[in-house]
Amino acid sequence: MKLSVIIPAFNERSTLMELLRRVLAAELPGLSRELLIVDDCSTDGTRELLREIGARGVAGVEGANPSGECELRVLFQEQNRGKGAAIRRGFAEASGEIVIVQDADLEYDPNDYAKLVKPIVDGAADVVYGSRFAGSPRRALYFWHTAVNRGLTLLSNLFTGLGLTDMETCYKAMRTECVRKLTLVEDRFGIEPELTAKLAKAGCRVFEVPISYQGRTFAEGKKIGWKDGARALYAITKYGLWAK
């Protein structure tokens, strides 16, 4: 089986190379992997760096020590459209049986991949969410972000009937065939509640596993803001009521 790692990137030059090293080094016994990096029209040099990496593939990642068979492709958005649009592009290009979304910063640990894909490989799950609030180590930051995340997750659960602890997590491993059946439209962070609502309505078997999390501050490059929280609230209601 192959795991397709979708990496949406916007202005992440400072962390991108280290993130790629970590993704390539993650142990995934029995699985090959491909990295699909989708640049969302970056302006900080990320785009130029990715052109260099894309021309050489895995060999273009300095200091990489790949674990197992790996491929790397770089995709460029022609205008800045948001994380959701980049993820949709990655889903469309993926060739693996399993897909997972990976932010281009260092908040999430690729060493968690093995536990995320195991329920899918074992045939027990179609989708696995990585929860930042289920007991694993995490950096304690921003009380209100945590409170809002929990509130949005609770509201999402009310509509979907799921019992998730972290709907907004980046780490969602999914059977590619399940994702391809969905019609996704959200361009920014509204993709998280939209995915959740539509996966639930499609009858997918959803599991959740604990993951580690090293959140960053706004000074360190965190991009999500209150407008994204408002859009998430709208998306939960919209897709919870009318998603097909």
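Summary of computed values
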| item | result |
| --- | --- |
| Using alpha-carbon coordinates, inclination of helix 226-242 to the longest axis of the chain, degrees | 60 degrees |
| Selected from GLY151, GLY82, GLY130 as most flexible by GNM, with the chain as the system and alpha-carbon contacts under 10 Å | GLY151 |
| Which listed pairs, of LYS83/LYS198; LYS118/LYS172; LYS201/LYS227; LYS2/LYS201; LYS83/LYS201; LYS198/LYS238, have C-alpha distances above 20 Å, in listed order | LYS201/LYS227; LYS2/LYS201; LYS83/LYS201 |
| Three-way shape call for region 1-104 based on the alpha-carbon gyration tensor, with the a/c threshold at 1.5 | oblate |
| Positive-end extreme of charge dipole, the chain - chosen from LEU36, GLY57, GLY130 (charges on Cβ) | GLY130 |
| Largest-first ordering by accessible area, 1.4 Å probe, given options ARG33, ARG21 | ARG21, ARG33 |
| 222 nm mean residue ellipticity, helices alone, for the chain (DSSP H n ≥ 4; -39,500 (n - 2.57); rounded to 500) | -12000 deg cm²/dmol |
| The chain: most fluctuating residue of VAL23, VAL74, VAL148 per GNM, C-alpha cutoff 10 Å | VAL148 |
| Cα-based shape type of region 146-187, given that a ≥ b ≥ c are square roots of the gyration tensor eigenvalues and the cut on a/c is 1.5 | prolate |
| Acute angle (nearest 10 degrees) that the helix 83-93 long axis makes with the longest principal axis of the chain, alpha-carbon atoms | 70 degrees |
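The values are calculated or read from the model by the stated rules, or taken from the named source; none is laboratory data. These figures come from a predicted structure and were not determined experimentally. Cβ atoms come from the backbone with ideal geometry, glycine included; neighbour counts cover every protein chain shown. Side chains included, ligands, DNA and RNA excluded: accessible areas come from the protein's heavy atoms. Shrake-Rupley method; radii C 1.70, N 1.55, O 1.52, S 1.80 Å.
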